[in-house]
Amino acid sequence: MSIKTSHISALDGIRGIALLMVFAAHSHPQLLRSGFIGVDLFFVLSGFLITSILLNEHLATGRINVARFYMRRALRLLPALFIMVGCVTAYVAVYAPPELAMTLENARSIVFYYWNWTLAFNYGATGWTYQWVFGHLWSLSVEEQFYLLWPFVLTLALPFRRLFLVLLLVGIAAPPIARLLVYDQARIFNLYFRTDLHFDGLMWGALGAWIVANGWTPSGRTSAIVGPAALAGFMAAASLEFFHSGAAFRWAWVPLDCLAMLAIVCTVVRPPAILETAPLRWTGKISYGLYLWHLPIFHWFGDTPLATLEAVGATYAIAALSFYGIERHFLRLKNAFAAKTFEHARH
């Protein structure tokens, strides 16, 4: 049981598509009414990739080194996040001093990864101001809260295959059932940000990793059809107003995440050529910086068509600087930690 560990460039293409959907949603939402579901494509892809890494480590070493896992996550995520949050905070200190106290409070919840709960408890509350330039970072909090627990779940459950499969299915089913039980249209945004109601995409990705690891994938011919069709279906859904509705919140994320998982699994088997085009792969490669910086830059440039083009160009430039000047250095350190994990397994 193993998953191909060499880099699959087409998955960068999927990441690039997810990023561009979010771009559209935050710049001109009238062009892509539900582009925000690109975040859910990120969730499924993240669940797939991280679970694949942990499954391979468990196969190679018989265990999961949780401390090294946390260190690798910190090296990948924190340096660029600290710089982005620090720059926004400095900007506020100079140009909007009355907002500094609020910005510092929000920055703390962002870097300690409980920002989504700050939004869940305060969004729309009297006297609380939503800081739009930080709004998108809620998804990072959901992911990191999930990954605080996931390595331990794998460590305990992987020796018992049936137990692990049951836990996967429970993890997929629990959030949509909970959404049905707690649904309140008046508080739908507050509910949307909650980890317990929104981690099923990560679990769908984990299921995809388990499917690939066990060789339960469709044939290359089938994957060549199903993968692009599933991805096209996901992208088509982003054009629908429906995903702003209460009905979508209650049940529509189940088929949406399933489409994302199918697209990813089939891409691993038979990568579509379009996902391996250089611009799309590069967008995926620097997507973390693009995601971090796009809202502050969009905010600073304004929303006219020309300003949007300038903002997109500036976002790509800053994200490239972030990746090649900051992230890539820490990625090398992260990969060194990964290599040590497998080196210890041989001794």
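Within the stretch 25-41, one or more residues are within 30 Å of VAL269 (Cβ to Cβ) and more than 16 Å from the chain's Cα centre (by Cα). Among the residues making up the stretch 80-97, those that are assigned to a helix (DSSP H, G or I), small (Gly, Ala, Ser) and loosely packed, with under 14 Cβ neighbours inside 10 Å are GLY86, ALA90, ALA93. From the list LEU165, LEU158, the one residue that fits, being over 21 Å from the mean Cα position of the chain (by Cα) and buried (at least 17 other Cβ atoms within 10 Å of the Cβ), is LEU158.
Given the structure, is LEU100 assigned to a helix (DSSP H, G or I) and under 19 Å from PHE152 (Cα atoms)? In short, no.
If you check SER109 against the conditions, is it within 22 Å of ALA209 (Cβ to Cβ), modelled with pLDDT of 95 or more and part of a helix (DSSP H, G or I)? No; evaluated as a whole, the condition is false for this residue. If you check THR304 against the conditions, is it over 27 Å from VAL170 (Cα atoms) and free of Cβ contacts under 8 Å to residues at least 12 places away in the same chain? For THR304, the condition - over 27 Å from VAL170 (Cα atoms) and free of Cβ contacts under 8 Å to residues at least 12 places away in the same chain - is met. Screening the stretch 279-328 for residues that are under 24 Å from GLU143 (Cβ atoms) and among the β-branched types (Val, Ile, Thr) and picking the one that is surrounded by the fewest Cβ atoms within 10 Å (Cβ to Cβ) gives ILE326. Residues in the stretch 260-274 that are in contact (Cβ under 8 Å) with a residue 12 or more places away in the chain and either over 13 Å from LEU207 (Cβ atoms) or touching a Lys or Arg at 6+ places or on another chain (Cβ under 8 Å) (or both): ALA263, CYS266, THR267, VAL268, VAL269, ARG270, PRO271, PRO272, ILE274.
Would you be able to say whether some residue in the stretch 40-59 is touching a His at 6+ places or on another chain (Cβ under 9 Å), of a type in the set (A, V, I, L, M, F, W, C) and farther than 28 Å from LEU231 by Cβ? Looking through the stretch 40-59, none of the residues is touching a His at 6+ places or on another chain (Cβ under 9 Å), of a type in the set (A, V, I, L, M, F, W, C) and farther than 28 Å from LEU231 by Cβ. The residues of the stretch 205-236 that are closer than 21 Å to LEU275 by Cα, in contact (Cβ under 8 Å) with a residue 60 or more places away in the chain and buried (at least 21 other Cβ atoms within 10 Å of the Cβ), listed by number, are GLY205, GLY208, ALA209, VAL212, LEU231, PHE234.
Cβ separations smaller than 6 Å between residues 6+ apart or across chains give the following pairs from the stretch 246-259 residues that are within 24 Å of GLY227 (Cβ to Cβ) to residues that are among the β-branched types (Val, Ile, Thr): ASP257/VAL44.
Can you find even one residue in the stretch 173-186 that is surrounded by 12 or more Cβ atoms within 10 Å (Cβ to Cβ), in a helix (DSSP H, G or I) and of a type in the set (Phe, Trp, Tyr)? The answer is no; no qualifying residue exists.
Does any residue in the stretch 185-204 that is free of Cβ contacts under 8 Å to residues at least 40 places away in the same chain come within less than 7 Å, Cβ to Cβ, of a residue that is in a helix (DSSP H, G or I) six or more places away or on a different chain, and which pairs are these? Final answer for the pair search is ASP196/PRO175; ASP196/ALA178; LEU197/PRO175; LEU197/ALA178; LEU197/ARG179; LEU197/LEU191. A search for C-beta distances below 8 Å between a residue of the stretch 88-107 that is in contact (Cβ under 8 Å) with a residue 60 or more places away in the chain and any residue that is of a type in the set (Phe, Trp, Tyr) and surrounded by 12 or more Cβ atoms within 10 Å (Cβ to Cβ), counting only pairs 6+ apart in sequence or on different chains, returns VAL88/PHE134.
Filtering the stretch 27-79 to residues that are among the aliphatic types (A, V, I, L, M), buried (at least 18 other Cβ atoms within 10 Å of the Cβ) and within 17 Å of SER141 (Cα to Cα) leaves ILE37, VAL39, LEU41, VAL44, LEU45, ILE50, LEU75, LEU77.
Against the conditions (1) at pLDDT 95 or above; (2) over 18 Å from VAL142 (Cβ atoms), ALA186 satisfies every one except (1).
The values are calculated or read from the model by the stated rules, or taken from the named source; none is laboratory data. Bear in mind the structure is a predicted one, so any value in this text is a computation, not a measurement. With ideal geometry, Cβ positions are generated from the backbone for all residues, glycine too; neighbour counts draw on all protein chains shown.
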